[in-house]
Amino acid sequence: MIKTIVSLETNLASSIALRYACRLANLIETELHTIYVKEPDAESSSPGSGWVRKTWEDAVLTSEQTDIRRMVKAERASYPRLGPPKMSVGDREKEILYELQSGFYDLFVEGALHTFNSAPFYSKMHSWFYRNTPCPILLVKNLVRLEKVLLVLSSDVNYAKLIATFLKFFKGVEVELDLVYCDFNEHAKSARPKGEDADTILRNAEKILSENEMPPAHCRVVQNSSDKAAELMQGYGLVASSIYRQTSKKSPLLEVLSRTPYPLFLCWQ
């Protein structure tokens with residue numbers, strides 16, 4: 001059972017993320033939760049505790065409660081087990097991080113509509129919040145069908161760890177799986193064992209996946225620039241890779257992922 005939580009806001013990105021998460025929950029054994037944290041206005045002061053604080057929180061939340069509940073209710077048609085959202089007032093990142101840590105979640109889901117401006121993506125990846133999340137992240141950029149999955153490898157990806165994490169979530173799911181190795185090793189911090197070139201890594205990765213009854217349909221090496229590599233990755237319902245918590249802003253792998261318009265499954269290494 002994969003314990004998943006979706007971060008909600010009153011916007012299109014959250015609506016798309018929740019719908020995608022519900023589709024995913026119908027493919028894998030999932031315990032799906034949602035959370036909404038309202039950040040109070042700067043001039044609004046938080047009272048101490050007990051019923052006084054509860055009354056204050058209810059007043060602050062009133063304007064958004066209805067929209068969030070409607071968003072969740074709308075998705076119950078496709079995923080009836082979806083419960084009521086967790087709602088609170090406070091620092092959004094701190095509240096969600098506390099929930100992730102105390103609730104022992106396996107996956108955090110958030111919406112972030114795809115844009116040609118990579119700055120918001122880089123900002124997320126290097127944020128205090130993302131670098132402290134205790135579980136993989138599913139960043140939903142578009143609402144697409146989960147029929148084809150791409151695993152993105154490179155010299156700074158620990159492919160064995162990525163595949164192990166991927167299989168924990170998706171083993172047994174009927175999808176077409178592809179492997180691609182982005183040859184950017186002149187820039188990347190190498191995480192591959194000594195002596196393994198791109199072809200060797202692809203063969204080893206293919207072997208692990210095949211042994212787990214998820215053989216990739218296609219395996220290839222891409223040696224183009226980051227933008228060209230992203231252009232070659234078309235038609236997927238999910239793109240999976242792994243990154244360092246302290247990934248460089250000049251990471252070509254991160255640039256590829258920022259340009260990919262599909263949902264991203266990211267695990268830490």
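The values are calculated or read from the model by the stated rules, or taken from the named source; none is laboratory data. Just so we're clear, the structure is a prediction, and the values are computed from it rather than from any experiment. Every residue, glycine as well, gets a Cβ built from its backbone with ideal geometry; the counts of neighbours run over all protein chains shown.
Quick look at the numbers
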| quantity | calculated |
| --- | --- |
| ARG203 vs. criteria at pLDDT 90 or above and more than 16 Å from the chain's Cα centre (by Cα) | yes |
| 1 or more residues within 23 Å of ASP227 (Cα to Cα): qualifying strands (runs of 3 or more DSSP E) within segment 84-179 | 107-111, 137-140, 148-154 |
| Yes/no for SER49 being modelled with pLDDT under 95 and of a type in the set (S, T, N, Q) | yes |
| Segment 122-164, subset of a type in the set (Phe, Trp, Tyr) and in contact with a strand residue (DSSP E or B) (Cβ under 8 Å, 6 or more places away or on another chain), residue nearest to ALA17 (Cα to Cα) | TYR130 |
| Pairs where the first residue, in segment 112-128, is touching a residue at least 12 places away in the same chain (Cβ under 8 Å) and farther than 13 Å from ARG245 by Cβ and the second is part of a loop (DSSP other than H, G, I, E, B) and aromatic (Phe, Trp, Tyr), C-beta under 9 Å, 6+ apart | HIS114/TYR262 |
| LYS38 outside the structural domain of GLY172 (by TED's automatic domain parsing), surrounded by 17 or more Cβ atoms within 10 Å (Cβ to Cβ), at pLDDT below 90 and among the charged types (D, E, K, R) | yes |
| Segment 222-269 - residue that is of a type in the set (A, V, I, L, M, F, W, C) and more than 13 Å from the chain's Cα centre (by Cα) and, of those, surrounded by the fewest Cβ atoms within 10 Å (Cβ to Cβ) | LEU232 |
| Residue, surrounded by the most Cβ atoms within 10 Å (Cβ to Cβ), within segment 200-221, restricted to residues that are without any contact (Cβ under 8 Å) to a residue 40 or more places away in the chain and either closer than 14 Å to VAL180 by Cα or in contact with a helix residue (DSSP H, G or I) (Cβ under 6 Å, 6 or more places away or on another chain) (or both) | GLU206 |
| Checklist (1) modelled with pLDDT under 95; (2) closer than 20 Å to LEU139 by Cα; (3) touching a helix residue (DSSP H, G or I) at 6+ places or on another chain (Cβ under 9 Å) applied to ASN224, failing item | (2) |
| Failed condition for LEU167, given (1) surrounded by fewer than 21 Cβ atoms within 10 Å (Cβ to Cβ); (2) closer than 21 Å to ILE16 by Cβ; (3) at pLDDT 90 or above | (2) |
